[in-house]
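Worksheet: the structure to be examined is printed underneath.
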Amino acid sequence: MELLRKAYIYGFCAACATFFFISNTAFASTLKLDAADVEKFFDAAIQQQMAEFNIPNAAVTIVVGGEVVMAKGYGYAELDKEIPVDPGKTLFRIASTSKLFTWTAVMQLAEQGKICLKTDINEYLDFEIPASLAYGQHQSDLEPITLNHLMSHTPGFEDYVTGLFSLNENHVLPLAQHVRKYLPARIFPPGEVIAYSNYGAALAAYIVEQVSGVPFAQYIEDNIFEPLLMKQSTFEQPLPERMASNMARAYRYVEGEFQEGKFEFFDQAGSMSSTASDMARFMLAHLQRGQLEGASILREETAIKMHSQLFTHHPFLDGMAHGFVEGRYNEKRVLSHGGGTLLYYNDLYILPEEQVGLFIVHSGGHHIVHNELFQAFMDHYFPVDDAPVPPPHLNMAERSSKYTGEYNQNRRSFTGEDKFLSLFMGQIHVDVDKEGYLLVSHMGETNQFLEIDPGVYYNLRESRTPDVYGNFQTIVFGNDPFGNTMLMPDGPMSYSKAPWYETTIFNLIIAVSAVLIVIISLFYWGIKAFIQRIMRDKSKQPKEVSGVAQIAKGTAMAFGFLTFVSILETIVLSQPDPVYGLPATAYGETPAWASLFELMPLMMAILGIAVVIFTVIAWWKGYWRIPGRIHYSLFAAATILLLWLFSYWNFI
């Protein structure tokens, strides 16, 4: 009995000692960094990127083992006045990185028992999310959308560009109105297809507002900013007066000089502005399981859960934690989230096991800058040897050939006017070489992929330039809910193989061919009529151009004229602004005269149908000679193709 008592006492003491040791070393980093060495490294790396990409201002902060190792600004917050960037004072827009605060707020309410991550979100809303799909098959008997789906970007919503950015404060709607006006169609069953969703984050922010009874921005202020002493952070737009003068001006290098952009407005879930130093405190809190200097924003078990994987399409792929994007860089698990506006770019990276965090933000340049800086940081402080490349598997070419084709983002519009953008944005093209390696073209570069498992391919590139959403290291092929081949990379994105009638090359051939026929016919008929008017006396006009035949040709010429005008309008409206990099229509700056053309697609549809009817009449009544009727029929076929394009891509 005495032995048992002593064993119990010794065991208890050992447990206490172990707990004390763990509690004092849980947040210690395996990486020991010298502040001077870190600053030297980033001075060289950032200045090189700033020179290469013409970046006017930037800030970076690094935390290791519970301490801020470096917080530094580069360039000028305001070029004209040569005000240097101050990491503790200068604010930048952080766009989608703001979502990490939304997801943290969701986890706070979940640990308080005010919401359940697995409950139908309609229980927390004062309007209804439709219970059926608007596209494809399997439109009923859906599982409900939950907050877990929103946090993992798997609610199945379509996405759009319209309404995302604006330079006009009057275009910004209160959160309650925004989630109603921009409610997207449901395309995929929830929990089955990962497709990054801005709307999903806005909806989560609105749920925070509804459940807490406090405006979203105020909730974040009271429950995250204030406990963490993030005194230079806000979701308000425009900025509060006390912060406005500290905002880093955003610039774009255009024709040899920096041009300043205006303040950008977004939906509230992506509207945060902050400093590098404030973001360091947020990283420290997450690395220390919700704790910072006696303050707590999450319980330890909640923070651990938030950092755990919530969804992935395949065991070989990094997917989503509870709001954080998973990644593996130099064999280290990384949780991150990036953001980009028209002018600002940033990314936040944390390595929970190594207790390391890195935040990079800048204006101008390109999103690839912070990705390359992070990879350079990992290569410098967490170097790894390149693994030997295995030889191609037997019959790899035969298996790989079935994956060739064009793939469209599943993060796109299916039912709205932005649908046609999928022809030009976010595509992946897959080809195969004679040995069976996949040649995958993505974001302007082509990489060679090797099969490492059935349907699983590994990127062989030497220069590891990641994409916007992940490091594009592994891709897996499977099927989406509608039976299409689906390409799945790391991160919150997936791509479905386009059917032949949705491919860019097919649609361009159809569009160019039809437009050429219509425009050439318009000029041919116009020139012919002009010559006939000059060369012939009106009384000698042939009978065949009178009556219905004359109306038929006039209708065709009217269709051709509207086609010509619409092409000119498209060319003018699609010109990207040199500062913002997108057409003005993308951020709500549509010129007043564009409203005059809103009915043009409908007018073309009416005229096009009339042309088809007149074609039948022309053959029935024998208008014109046979070559003339063939020409008119060819014109009618071109109008049918154009009307199909207008209808399929939601122009009418």
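The values are calculated or read from the model by the stated rules, or taken from the named source; none is laboratory data. Nothing here was measured: the structure is a model prediction, and the numbers come from that model. With ideal geometry, Cβ positions are generated from the backbone for all residues, glycine too; neighbour counts draw on all protein chains shown.
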Evaluate the following for THR485: is it β-branched (Val, Ile, Thr), surrounded by fewer than 21 Cβ atoms within 10 Å (Cβ to Cβ) and modelled with pLDDT of 95 or more? yes
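For (1) part of a helix (DSSP H, G or I); (2) in contact with a helix residue (DSSP H, G or I) (Cβ under 7 Å, 6 or more places away or on another chain); (3) modelled with pLDDT of 85 or more; (4) buried (at least 21 other Cβ atoms within 10 Å of the Cβ), each residue gets a yes or a no:
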| site | (1), (2), (3), (4) |
| --- | --- |
| TYR135 | no, no, no, no |
| HIS138 | no, no, no, no |
| LEU150 | yes, yes, yes, yes |
| LEU173 | no, yes, yes, no |
| GLN177 | yes, no, yes, no |
Going through region 254-272 one residue at a time, which ones are modelled with pLDDT under 95, under 22 Å from the mean Cα position of the chain (by Cα) and aliphatic (A, V, I, L, M)? ALA269
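Among the residues of region 88-101, is there at least one that is in a loop (DSSP other than H, G, I, E, B) and either touching a Pro at 6+ places or on another chain (Cβ under 9 Å) or acidic (Asp, Glu) (or both)? Can you show your working first?
Going through region 88-101, the residues in a loop (DSSP other than H, G, I, E, B) turn out to be 88-90, 94.
Keeping just the survivors that are either touching a Pro at 6+ places or on another chain (Cβ under 9 Å) or acidic (Asp, Glu) (or both) gives 90.
Looking for residues that are in a loop (DSSP other than H, G, I, E, B) and either touching a Pro at 6+ places or on another chain (Cβ under 9 Å) or acidic (Asp, Glu) (or both), one finds at least one in region 88-101, hence yes.
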Of the numbered conditions (1) out of contact with any Phe, Trp or Tyr (no Cβ under 9 Å at 6 or more places or on another chain); (2) in the same structural domain as ALA250 (by TED's automatic domain parsing); (3) modelled with pLDDT under 95, ILE9 satisfies every one except a single condition; which is it? (2)
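Say whether the condition of being assigned to a strand (DSSP E or B), in contact with a helix residue (DSSP H, G or I) (Cβ under 9 Å, 6 or more places away or on another chain) and crowded, with 19+ Cβ neighbours inside 10 Å is met by at least one residue in region 503-517.
Quick first cut of region 503-517, residues assigned to a strand (DSSP E or B) only: none.
No, every residue in region 503-517 fails to be assigned to a strand (DSSP E or B), in contact with a helix residue (DSSP H, G or I) (Cβ under 9 Å, 6 or more places away or on another chain) and crowded, with 19+ Cβ neighbours inside 10 Å.
Only one of GLU372, GLU417, GLU398, GLU406 is touching a strand residue (DSSP E or B) at 6+ places or on another chain (Cβ under 6 Å) and among the acidic types (Asp, Glu); which? Please lay out each step first, then the result.
Working: GLU372 fails: touching a strand residue (DSSP E or B) at 6+ places or on another chain (Cβ under 6 Å); GLU417 fails: touching a strand residue (DSSP E or B) at 6+ places or on another chain (Cβ under 6 Å); GLU398 fails: touching a strand residue (DSSP E or B) at 6+ places or on another chain (Cβ under 6 Å).
Every option except GLU406 fails the conditions.
I'd like the full set of residues that are under 20 Å from the mean Cα position of the chain (by Cα), under 18 Å from THR61 (Cβ atoms), in contact (Cβ under 8 Å) with a residue 40 or more places away in the chain and not in a strand (DSSP E or B), limited to region 351-373.
Result: VAL369, ASN371, GLU372.
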Being free of Cβ contacts under 8 Å to residues at least 24 places away in the same chain and surrounded by fewer than 22 Cβ atoms within 10 Å (Cβ to Cβ) is true for just one of ASP379, ASP385. Which residue is that? ASP385
Leading residue by the ranking (nearest to ALA77 (Cα to Cα)) among those in region 225-253 that are within 24 Å of the chain's Cα centre (by Cα) and surrounded by fewer than 17 Cβ atoms within 10 Å (Cβ to Cβ): TYR253
Return the residue satisfying two criteria in turn: it lies in region 374-431 and is hydroxyl-bearing (Ser, Thr, Tyr) and more than 15 Å from the chain's Cα centre (by Cα), and of such residues it is farthest from ILE62 (Cα to Cα). SER401
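Inspect region 301-317 for any residue being over 30 Å from GLU192 (Cβ atoms) and either surrounded by fewer than 21 Cβ atoms within 10 Å (Cβ to Cβ) or not hydrophobic (A, V, I, L, M, F, W, C) (or both) and give the result as yes or no.
No, region 301-317 contains no residue that is over 30 Å from GLU192 (Cβ atoms) and either surrounded by fewer than 21 Cβ atoms within 10 Å (Cβ to Cβ) or not hydrophobic (A, V, I, L, M, F, W, C) (or both).
Scan region 321-354 residue by residue and report those that are on the phi > 0 side of the Ramachandran plot and surrounded by 22 or more Cβ atoms within 10 Å (Cβ to Cβ). So that I can check it myself, show each step before the final result.
Taking region 321-354 as the starting set, the residues that turn out to be on the phi > 0 side of the Ramachandran plot are 323, 330-331.
GLY323 - this is the single residue of region 321-354 that is on the phi > 0 side of the Ramachandran plot and surrounded by 22 or more Cβ atoms within 10 Å (Cβ to Cβ).
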If only one of GLU257, GLU264 is without any contact (Cβ under 8 Å) to a residue 12 or more places away in the chain and either surrounded by fewer than 22 Cβ atoms within 10 Å (Cβ to Cβ) or under 30 Å from ASN484 (Cα atoms) (or both), which one is it? GLU257
Pick out the one residue from VAL565, VAL579, VAL572 that is in a loop (DSSP other than H, G, I, E, B), at pLDDT 85 or above and not assigned by TED's automatic domain parsing to the domain that holds GLU255. VAL579
Looking at region 567-587, which of its residues are in contact (Cβ under 8 Å) with a residue 12 or more places away in the chain, closer than 29 Å to VAL611 by Cα and out of contact with any Pro (no Cβ under 8 Å at 6 or more places or on another chain)? ILE567, GLU569
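So how many residues does region 179-210 have that are touching a helix residue (DSSP H, G or I) at 6+ places or on another chain (Cβ under 9 Å), of a type in the set (A, V, I, L, M, F, W, C) and in a loop (DSSP other than H, G, I, E, B)?
From region 179-210, those touching a helix residue (DSSP H, G or I) at 6+ places or on another chain (Cβ under 9 Å) are 179, 182-184, 190-191, 196-210; that's our starting set.
Applying the additional criterion that residues be of a type in the set (A, V, I, L, M, F, W, C) yields 179, 183, 201-205, 207-208.
Still in the running and in a loop (DSSP other than H, G, I, E, B): 183.
Adding up the residues that qualify gives 1.
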Of the residues in region 623-633, those that are more than 46 Å from the chain's Cα centre (by Cα) and surrounded by 13 or more Cβ atoms within 10 Å (Cβ to Cβ) come to TYR623, TRP624, GLY628, ARG629
Can you run down the residue pairs with Cβ atoms below 7 Å, 6 or more apart or on separate chains, where the first is in region 474-492 and among the aromatic types (Phe, Trp, Tyr) and the partner is modelled with pLDDT of 95 or more and outside any strand (DSSP E or B)? PHE477/TYR403
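Return yes when THR154 is part of a loop (DSSP other than H, G, I, E, B), among the polar types (S, T, N, Q) and in contact (Cβ under 8 Å) with a residue 40 or more places away in the chain and no when it is not. I'd like the intermediate steps shown before the answer.
Numbers: part of a loop (DSSP other than H, G, I, E, B): yes; among the polar types (S, T, N, Q): yes; in contact (Cβ under 8 Å) with a residue 40 or more places away in the chain: yes.
When the stated conditions are applied, THR154 passes them.
Yes/no matrix, rows are residues, columns are (1) of a type in the set (Asp, Glu); (2) within 29 Å of PRO388 (Cα to Cα); (3) loosely packed, with under 15 Cβ neighbours inside 10 Å:
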site: SER400; (1), (2), (3): no, yes, no
site: ARG411; (1), (2), (3): no, no, no
site: PHE420; (1), (2), (3): no, no, no
site: ASP433; (1), (2), (3): yes, yes, yes
site: TYR458; (1), (2), (3): no, yes, no
site: THR474; (1), (2), (3): no, yes, no
site: PRO492; (1), (2), (3): no, yes, no
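Could you look through region 596-622, keep only residues that are modelled with pLDDT of 90 or more and aromatic (Phe, Trp, Tyr), and pick out the one that is surrounded by the fewest Cβ atoms within 10 Å (Cβ to Cβ)?
Here is the first cut: in region 596-622, the ones modelled with pLDDT of 90 or more are 603-620.
Now narrow it down to the ones that are aromatic (Phe, Trp, Tyr): 614, 619-620.
Values: PHE614: 23, TRP619: 14, TRP620: 8.
Going through the qualifying residues, I end up with TRP620.
On the basis of being modelled with pLDDT of 90 or more, under 28 Å from GLY581 (Cβ atoms) and either surrounded by 19 or more Cβ atoms within 10 Å (Cβ to Cβ) or in contact with a Ser or Thr (Cβ under 7 Å, 6 or more places away or on another chain) (or both), does HIS370 make the cut?
Spelling it out, it is not the case that HIS370 is modelled with pLDDT of 90 or more, under 28 Å from GLY581 (Cβ atoms) and either surrounded by 19 or more Cβ atoms within 10 Å (Cβ to Cβ) or in contact with a Ser or Thr (Cβ under 7 Å, 6 or more places away or on another chain) (or both).
Each row is one residue, and each column tells you yes or no for (1) of a type in the set (Gly, Ala, Ser); (2) surrounded by fewer than 20 Cβ atoms within 10 Å (Cβ to Cβ); (3) over 25 Å from the mean Cα position of the chain (by Cα).
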site	(1), (2), (3)
LEU79	no, yes, yes
GLY88	yes, yes, yes
LEU91	no, no, no
ILE94	no, no, no
THR97	no, no, no
VAL106	no, no, no
GLN112	no, yes, yes
CYS116	no, yes, yes
ASP120	no, yes, yes
